[in-house]
1. Could you look at the chain and say what percent of its accessible area is carbon and sulfur, using a 1.4 Å probe and all protein chains?
2. Between ALA71 and LEU286, with labels modelled 7 Å along Cα→Cβ, what's the label distance in nm to one decimal, could you check?
3. Please work out the ratio of the alpha-carbon Rg of the stretch 329-455 to 2.2 N^0.38 Å and round it to two decimals.
4. Could you state the accessible area per residue of the chain in Å², with a 1.4 Å probe and every protein chain left in place?
5. If I histogram all Cα-Cα distances within the stretch 1-150 using bins 10 Å wide from 0, what percent of pairs lands in each bin?
6. Can you give the helix-only mean residue ellipticity at 222 nm for the chain, where every DSSP H stretch with n ≥ 4 adds -39500 (n - 2.57) and the sum goes over all residues, rounded to the nearest 500 deg cm²/dmol?
7. Please give the FRET efficiency for GLN175 paired with SER475, using the beta carbon to beta carbon distance and R0 = 22 Å, rounded to the nearest 0.05.
8. Using the Kirkwood radius over C-alpha pairs as Rh, can you work out the diffusion coefficient of the stretch 386-467 via Stokes-Einstein at 25 °C, viscosity 0.890 mPa s, in µm² per second?
Amino acid sequence: MNKYDIIIIGGGVVGTAISRELSSYKLKIALLEKEEELAFGVSKSNSGIIHPGTQNRPGSLKGRLCLQGNALIREISRDLGVEFKEIGELIVVFSQEEVSRLLQLKQEAEILGVSGLEVVDQAWLKEHEPNLSREIVAALYAPTAGIISPYRLAYALSENAVLNGLEIYTQSLVQNILVMTPVRHFGSTSLFEITTERNTFQTNYIINAAGLYADEISQMVGINNFQIRPRKGEEFLLDKKQQDLTNHLIFPLPTKISKGVIVIKTFAGNPMIGPTAEDVENKEDLSTSEQGLEKVIRMAQRMVPSIDKKDIIAYFAGLRPVADDDFIIRCEDKVPGFVNVAGIQSPGLTAAPAIAQLVGRILKQNGLVMEKKKDFYRQRKKTVHLSNLAFSQAKELIQTDRSFGDIVCRCEMVSAGEIREAIRQGAVTLDGIKFRTQAQAGRCHGGFCTTRIMKILAQETNRPLTAITKRGRGSEIVKEDRADDD
Ligand SMILES: Cc1cc2nc3c(=O)[nH]c(=O)nc-3n(C[C@H](O)[C@H](O)[C@H](O)COP(=O)(O)OP(=O)(O)OC[C@H]3O[C@@H](n4cnc5c(N)ncnc54)[C@H](O)[C@@H]3O)c2cc1C
């Protein structure tokens with residue numbers, strides 16, 4: 001039986017941020033994730049924006065944690081060597097009547113504590129965003145908005161947590177939780193027994209960060225007071241040759257249920273348009289549609305008319321885990337020691353580091369003795385990405401290790417050295433390599449490099465090619481050649 005002080009369920013950006021934060025304390029902690037790798041849930045399918053806090057009610061938990069997360073991400077990205085680009089956001093309007101709505105947003109955001117806000121006019125927009133529609137009359141400029149790779153952030157957080165002693169169990173779908181009698185010497189906590197498809201664990205505290213499935217985990221301990229409803233967002237990625245389309249993150253006025261269709265540039269430099277916002281039934285429905293595309297194109301072109309459907313090179317859908325209007329982050333009184341971190345829809349990526357700190361405070365208030373480690377390793381060595389290096393730096397790197405000069409993915413300029421590094425950092429699937437390195441994420445979608453990457457993966461992990469998968473069990477690429485096959 002594996003016994004821990006805390007078990008975190010869910011290895012998305014929220015679970016990994018909590019892992020890193022709690023790994024700074026003298027505690028025995030494990031993270032359980034059902035997928036073969038971390039960040040394969042909602043955290044892999046989002047816009048990657050670090051929001052400034054302009055679109056959340058001043059009194060909301062979401063708003064507060066968004067603002068704090070925006071501030072924390074700067075230090076965390078520096079410590080963990082993850083690139084964060086503070087490029088600023090513009091919420092644009094098309095009529096003088098709408099300007100009053102901008103002023104209201106500005107006022108609300110200032111009450112929340114967002115700094116540097118400014119309403120800019122057409123002349124400013126013409127100079128700084130020449131491709132915007134001439135019908136846009138003004139915009140709310142928020143300089144603290146930025147962009148990050150959501151999965152690189154999650155991987156860096158988890159790597160650092162592991163360095164600090166946290167244990168990660170992947171392919172560990174939580175199937176059942178038994179609440180045993182409260183343990184006296186732990187004060188106000190319980191003893192839980194968690195059964196996964198592989199193991200049984202005991203723990204005194206559970207952090208439920210299971211994203212779309214947080215309601216089902218909560219029901220396992222008898223807490224049924226919320227339900228997660230998936231809200232789909234379809235996103236469309238454009239070719240990098242259009243990378244100068246916009247300089248800032250371009251938003252329309254937000255609606256009641258979403259921030260609207262936006263035009264942004266990802267951390268890798270591709271323009272991206274979307275997402276839609278459509279309530280769906282199925283938590284696994286990641287399909288995209290012609291209607292979704294038409295809607296996104298129409299709304300994006302209203303702001304940036306030169307956007308061309310022909311430049312779309314990839315598309316995907318993500319599901320927002322919607323519960324209440326606000327995030328649900330609380331220790332459940334009925335089950336001492338069980339902490340729900342649920343309904344973490346946007347801006348969950350931004351808020352993740354602040355959510356992690358809040359969870360730490362909740363644990364302390366609920367009886368957990370938390371003593372900081374003196375030898376907490378705050379920093380992580382930055383991963384080398386050839387495409388980010390100046391020519392002279394790349395040359396120097398290749399001279400020291402020739403595998404960095406062996407280009408595997410031509411579209412994104414990713415070398416064999418980077419792929420091997422990703423595998424050493426924990427990648428075991430093709431998607432895991434894509435998310436860490438960008439290999440297979442370019443215009444040819446891996447048409448030229450997939451077989452080569454598979455061979456490197458097989459060699460480095462000592463597995464046959466037939467065991468290599470795109471994203472875990474059931475997504476094998478090469479079938480075993482068996483005599484009894486037709
Ligand atoms: C289209 C879209 C765009 C978005 N854009 C932004 C943005 O630009 N900026 C922003 O701040 N936010 C954005 N968000 C929101 C953000 O992506 C989420 O808030 C965040 O990723 C939630 O992370 P999480 O860790 O809670 O969930 P997940 O990443 O889903 O993590 C939960 C994990 O739990 C695991 N799990 C589930 N059930 C079990 C079980 N029984 N046993 C073990 N493991 C289990 C899952 O496999 C998963 O890995 C966007 C969301 C969408 C859908």
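1. On the way: 10470 of 21530 Å².
Its accessible area is 49 percent carbon and sulfur atoms.
2. Result for the modelled spin labels: 3.5 nm.
3. Computed over Cα atoms of the stretch 329-455, the ratio equals 1.51.
4. Result: 44 Å² of accessible area for each residue.
5. Final binned percentages: 10, 30, 30, 18, 9, 3, 0.
6. Numbers: 12 runs with 146 residues, N = 486.
When only DSSP H runs of four or more count, the value is -9500 deg cm²/dmol.
7. 0.50
8. Values: Rh = 12.7 Å.
It comes out at roughly 192 µm²/s.
The values are calculated or read from the model by the stated rules, or taken from the named source; none is laboratory data. Fair warning: this is a prediction, and the values are worked out from it, not measured in the lab. Virtual Cβ from ideal backbone geometry, glycine too; neighbours counted across all protein chains shown. Side chains included, ligands, DNA and RNA excluded: accessible areas come from the protein's heavy atoms. Shrake-Rupley method; radii C 1.70, N 1.55, O 1.52, S 1.80 Å.
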